[in-house]
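Before any comments, here is the structure.
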Amino acid sequence: MWKWLHPYAKTERAYQLCLTLQPWFWVGALVCLSIGTVWGLAFAPQDYQQGDSFRIIYIHVPSAILSMGTYVAMAIAALVGMVWQWRTAYMSMIAMAPIGAVMTFIALFTGAAWGKPMWGAWWVWDARLTSELILLFLYMGVIALYGAFEDKQQAGKAAGVMALVGVVNIPIIHYSVEWWNTLHQGATISKFDNPSIAPEMLWPLLISLLGFAFFIGAVTTVRLRNEIVLREMHRPWVQALAMKAMSKQQSDAASTFVKEGN
Amino acid sequence: MLEARGLTCSKRDRTLFEGLSLVVDSSELLYLRGSNGAGKTSLLRILTGLSSPDAGAVLYNGVDISEDKAGYYHDLFYLGHKSGTNGSLSALDNLSFWLAQHKVSVPDNTLFDVLEKVGLVGLEDVPVRYLSAGQQRRVALSRLWLKPAKVWILDEPFTALDVKGVNLLETSMKEHVSNGGLIITTSHQSLSNAAGEHRVFDLEYRF
Amino acid sequence: MSLYKGIFKRDMHIAFKQKAELVQPLMFLTMVVTLFPLGVSPSPDTLQRIGPGVIWIAAILSSLMAMERLFRDDFQDGSLEQYMLSGMALPAVSAVKVTVHWLVSFVPLFLLSPLLAMFLNLTVDMYIALVLTLLLGTPLLSLIGAIAVGLTVGLQKGGVLLALLLIPVFIPLLIFATSAVDSAALQLPYHAQLAIIAAMLLLAAALAPFAIAYSLKVSQN
């Protein structure tokens, strides 16, 4: 079943795959994000309680969901790398890490910005915000561990172990924080617990969620290509690639020179 | 017989060696030579199974070492840059712990004979930390004469040893080979005649 | 089996030869606890309210300082290589080492705990709950901590990194443990919290030795 994936364990094939996927991801991200945000911000109806300020969910909710999703994806990549000894799996894991961290940060920032009109304070120890904050710490741990090793192959393996430890912990953290929150502020109703959401509000939300996912995919492919080229600098195929890019640049420069000369 | 098949190893994204194959028979001393950073230590660590290669396999008597670890480690003696002795324990404690760990049982007087051989009599109860670098090396080396291992893999065994120590080790190497043993060693100084016949294997530095 | 007993004895022996390293984290813990009455408020009510959290936070921080000892010496002097080349099961060796670490670094904490409880004006019920949570929770600290130590042992400056990796992972334990003591303060049952900590401990005891062994192998590479 997994056989079709095996060729992508080779860095060169993974690079080619990134090149193929990348334009589709960018187009998908552009289309979905513009439809989702325009629809959500301009056309979706107002919330009867929160007015226009609820519209931040079109950024907050996708980034929060995908910050968790990216961490799970990292853990899956780490597991694949561990079981089948794929270097590219570790590379894609570390390609995703900063993107996931940025998503977490966006979720925290928009959550805080939403909290200001809702609670009158930038930061309230709300259960979900606290979970996101701890998730950000987990991301930073993985990135810091990866950075601490000079041998990046070893770094990938070590960061992979930490990503797996983290992913086992995420549900425990989530559950414990939720529980802690109900103990300490039982009366406050979480602003995120919407009993139901009108379909006119939900559709743009789903579309922007898809757009965020495409965007993460696009940035991951760029970062993975970058990582592969950096790590495989000494390989003939990378050098051939660089030569090709250089000669193209030179011929472009030459043609502009000719044009200017005319 | 120890065999390496198509070993590839890269450190810090620099390929140290690629597709390296090597066969060492019993009754053979292989002297691994190469400049600093050529990957001698990495190769030896792969041969012991401490680190895994990016590609290729190591076989002992035709069996992949990762498949029969217990069998291989029963026959293996490895001495790396690190001596493997705890500084706050005495030479005697270190050695007896190591022997128990490697499931080797030797009578007490053999232990003392070996300590005498390496010139550590009277120092056996001193915490290893207080010994000189050469003496610490001797503690580590004394295991050679305690564990009846067929395969010796030695990484810079002559470091910090004095002339007498070097000579003792070289003589032992010769003896081990004549008894059907197998040795792979690295060294910055070339081996003298005392070590007996040996094959040289050069590891090129690659960019 | 006698082999693992040998490791146990050796590690105990070495630990007691390095007494300073055992005592210093405990002194650190006591000092951190002392800072709270001075920095927050010495009023008995306040202390009783923040006490469980303070003791647990101080225990986690001081455990981070003692954690590195777990594999540092064995890695640096090459004993770890020799373990790996002896054909012994590395997960079992790690489990023995974690046990020794827990015994030498956390059992003294229990001797110190009455003093800390007195400093922070805990009631007897709260103290019993605190000891129970420490009993179930501190082995968890050792087990999870050992994974991160295994990963960072080959790095020159692993200390702060170790804390960065471990603090977020220890948060659920902190929450459940302090909440158990808080429940005890209100004369409420706290079996649920203890059961959750025990479940986490069992999960860690089953999985951590393998993760530790894998981490140590990664560090050897």
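Could I have the simple spin-label model distance between A:GLU200 and B:VAL126, label points 7 Å from Cα toward Cβ, reported in nm to one decimal?
Simple spin-label model gives 9.0 nm for this pair.
What distance in nm separates the simple spin-label points at B:ARG33 and C:HIS13, each placed 7 Å from Cα in the Cβ direction?
4.3
Just check the stretch B:92-157 against the gyration tensor rule for me: Cα atoms, a ≥ b ≥ c as the square roots of the eigenvalues, rounded for a/c under 1.5, and otherwise prolate or oblate depending on whether a/b exceeds b/c. List each step's numbers first, then the result.
Working: a/c = 1.66, a/b = 1.18, b/c = 1.41.
Here the stretch B:92-157 falls in the oblate category.
Can you pull out the buried accessible area for chains C and A, both sides counted, probe 1.4 Å, rounded to the nearest 100 Å²?
Its buried surface, counting both partners, is about 2200 Å².
Loop only per DSSP, at most 15 neighbouring Cβ atoms within 10 Å: give me the chymotrypsin sites (Phe, Trp or Tyr not before Pro) in the stretch A:36-125, ordered by residue number.
Working: sites: A:TRP39, A:PHE43, A:TYR48, A:PHE54, A:TYR58, A:TYR71, A:TRP84, A:TRP86, A:TYR90, A:PHE105, A:PHE109, A:TRP114, A:TRP119, A:TRP122, A:TRP123, A:TRP125; in loops: A:TYR48, A:TRP86, A:TRP122, A:TRP123, A:TRP125.
The qualifying sites are A:TYR48, A:TRP122, A:TRP123, A:TRP125.
At a probe of 1.4 Å, how much accessible area disappears from chains B and C on forming the pair, both sides counted, to the nearest 100 Å²?
Values: alone 10560 and 11110 Å², together 19420 Å².
Protein heavy atoms only, the B-C interface buries about 2200 Å².
For the Cα atoms of chain A, what angle does the longest principal axis make with the long axis of helix A:57-84, in degrees from 0 to 90, nearest 10?
Orientation of helix A:57-84: about 50 degrees from the principal axis.
Given H placed 1.01 Å from N in the peptide plane, which residues other than close sequence neighbours of B:LYS11 have an amide H under 5 Å from its amide H?
When sequence neighbours closer than 5 places are left aside, the close amide H contacts are B:LEU16.
Which whole-Hz ³J(HN,Hα) couplings does the stretch C:86-103 yield from phi under the Karplus relation 6.51 cos²θ - 1.76 cosθ + 1.60, θ = phi - 60°, glycine and proline marked x?
With the stated coefficients, the stretch C:86-103 comes to 9, x, 6, 6, 5, x, 5, 4, 4, 4, 5, 5, 5, 4, 4, 4, 5, 4 Hz.
Mind listing the phi-derived Karplus ³J(HN,Hα) values for the stretch A:117-124, rounded to whole Hz, using 6.51, -1.76 and 1.60 with θ = phi - 60°, and x for any glycine or proline?
x, 6, 10, x, 9, 5, 10, 10
Within the set B:LYS174/C:LYS217; B:LYS11/B:LYS164; A:LYS152/B:LYS82; B:LYS69/C:LYS5, which residue pairs have Cα atoms separated by over 30 Å? Show your work: numbers first, answer last.
Details: B:LYS174/C:LYS217 34 Å; B:LYS11/B:LYS164 36 Å; A:LYS152/B:LYS82 24 Å; B:LYS69/C:LYS5 22 Å.
Too far apart for the 30 Å limit: B:LYS174/C:LYS217; B:LYS11/B:LYS164.
If you take the accessible area of B alone, add that of A alone, and subtract the area of the pair, what total do you get in Å², probe 1.4 Å, to the nearest 100? Don't skip to the answer; put the middle values down first.
Details: alone 10560 and 15210 Å², together 25050 Å².
Buried area (both sides, nearest 100 Å²): 700 Å².
When N is the residue count of the protein assembly as shown, what does its C-alpha Rg come to as a fraction of 2.2 N^0.38 Å? Walk me through the intermediate numbers first.
Values: Rg = 30.0 Å, N = 690, 2.2 N^0.38 = 26.4 Å.
Against the empirical 2.2 N^0.38 Å value, I get 1.14 for the protein assembly as shown.
Search the structure for amide H atoms under 5 Å from the amide H of B:PHE201, placed 1.01 Å from N in the peptide plane, and list their residues when 5 or more places away or on another chain.
B:TYR31, B:LEU32, B:ARG33
Can you give the extra length, in nm with one decimal, that the chain gains between A:LEU17 and A:SER34 once fully stretched, where that is 0.36 nm per residue apart less the Cα-Cα distance?
Answer, rounded to one decimal: 3.5 nm.
For the stretch C:151-191, which whole-number percentage of the solvent-accessible area (1.4 Å probe, protein heavy atoms only) is attributable to carbon and sulfur atoms? Could you put the intermediate results ahead of the total?
Numbers: 1130 of 1730 Å².
So the carbon and sulfur contribution to the accessible surface is 65 percent.
Can you tell me how much longer the chain between A:PHE43 and A:LEU241 gets when fully stretched, taken as 0.36 nm per residue apart minus their C-alpha distance, in nm with one decimal? Before the final figure, lay out the partial values.
On the way: separation 198, 0.36 × 198 = 71.28 nm, distance 4.68 nm.
That works out to 66.6 nm of additional length.
Only helical DSSP H runs with n ≥ 4 go in: add -39500 (n - 2.57) per run for the protein assembly as shown, normalise by residue count and round the 222 nm mean residue ellipticity to 500 deg cm²/dmol. Could the numbers behind the result be given before it?
Working: 22 runs with 456 residues, N = 690.
That calculation yields -23000 deg cm²/dmol at 222 nm.
Got the relative contact order for the stretch B:132-196 handy, in percent, Cα pairs under 8 Å and 6 or more residues apart?
39
Please give the FRET efficiency for B:ASP64 paired with C:LYS5, using the beta carbon to beta carbon distance and R0 = 25 Å, rounded to the nearest 0.05. Before the final figure, lay out each step's value.
Values: r = 32 Å, r/R0 = 1.29.
With a Förster radius of 25 Å, E is 0.20.
By average Cβ neighbour count within 10 Å, what is the ranking of B:132-145, B:176-189 from highest down? Let's see the in-between values first.
Numbers: B:132-145: 19.7, B:176-189: 18.0.
Order by mean packing, descending: B:132-145, B:176-189.
Could you tell me which residue out of C:SER94, C:THR152, C:GLY6 lies farthest along the dipole of chain C toward its positive end? Charges go on the beta carbon: Lys and Arg +1, Asp and Glu -1, centred on the Cα centre.
The residue sitting most towards the positive pole is C:GLY6.
Any idea what the relative contact order of chain B is, in percent, if you count C-alpha pairs under 8 Å spaced at least 6 apart? Please list the in-between numbers first.
Details: 349 pairs, mean separation 65.6, N = 207.
Relative contact order of chain B: 32 percent.
R0 = 56 Å: FRET efficiency of A:VAL72 with B:ASP162, Cβ-based, nearest 0.05? Walk me through the numbers on the way to the answer.
Numbers: r = 59 Å, r/R0 = 1.06.
Using R0 = 56 Å, I get an efficiency of 0.40.
So what are the radius of gyration and Dmax for the Cα set of the stretch C:25-123, in Å?
So, for the stretch C:25-123, Rg and Dmax equal 18.0, 58 Å respectively.
From the residues B:LEU144, B:PRO107, B:VAL163, which one has its Cα farthest along the dipole of chain B in the positive direction, the dipole being from +1 and -1 charges on Cβ of Lys/Arg and Asp/Glu about the Cα centre?
It is B:VAL163.
Calculate one ³J(HN,Hα) per residue across the stretch C:68-78 by plugging θ = phi - 60° into the Karplus curve 6.51 cos²θ - 1.76 cosθ + 1.60, and present them in order as whole Hz with x for glycine and proline.
After applying 6.51 cos²θ - 1.76 cosθ + 1.60, I find 4, 4, 3, 10, 4, 5, 5, 6, 5, 8, x Hz.
Give the relative contact order (percent, whole number) for the stretch A:53-194; include only Cα pairs under 8 Å separated by 6+ residues. Please list the in-between numbers first.
On the way: 146 pairs, mean separation 39.3, N = 142.
Value for the stretch A:53-194: 28 percent.
About its Cα centre, how strong a charge dipole does chain B have in debye, to the nearest 20, once Lys and Arg get +1 and Asp and Glu get -1 at the Cβ?
Working: 21 positive and 24 negative charges, 96 e Å.
Here chain B has a charge dipole of around 460 debye.
I'd like the carbon and sulfur percentage of the solvent accessible area for the stretch A:139-178, probe radius 1.4 Å, heavy atoms only, ligands and nucleic acids excluded.
Numbers: 870 of 1260 Å².
C and S fraction of accessible area: 69 percent.
Quick check: the distance between the Cα centres of the stretch C:85-119 and the stretch C:1-49, to the nearest angstrom?
Result: 11 Å between the Cα centres.
How big is the dipole moment of chain C about its Cα centre under a simple scheme where the beta carbon of each Lys and Arg is +1, that of each Asp and Glu is -1, and everything else is neutral? Debye, nearest 20, please.
Working: 11 positive and 10 negative charges, 76 e Å.
Dipole size: approximately 360 debye.
Heavy-atom accessible area per residue, the protein assembly as shown, 1.4 Å probe: how many Å²?
Details: 31740 Å² over 690 residues.
With all protein chains present, the protein assembly as shown gives 46 Å² per residue.
The values are calculated or read from the model by the stated rules, or taken from the named source; none is laboratory data. Treat the numbers as computed from the prediction; the structure is a model and nothing was measured. Because the Cβ atoms are built from the backbone with ideal geometry, glycine has one as well, and the counts that use them run over all protein chains shown. Only protein heavy atoms, including side chains, enter the accessible area calculation; ligands, DNA and RNA are left aside. Shrake-Rupley method; radii C 1.70, N 1.55, O 1.52, S 1.80 Å.
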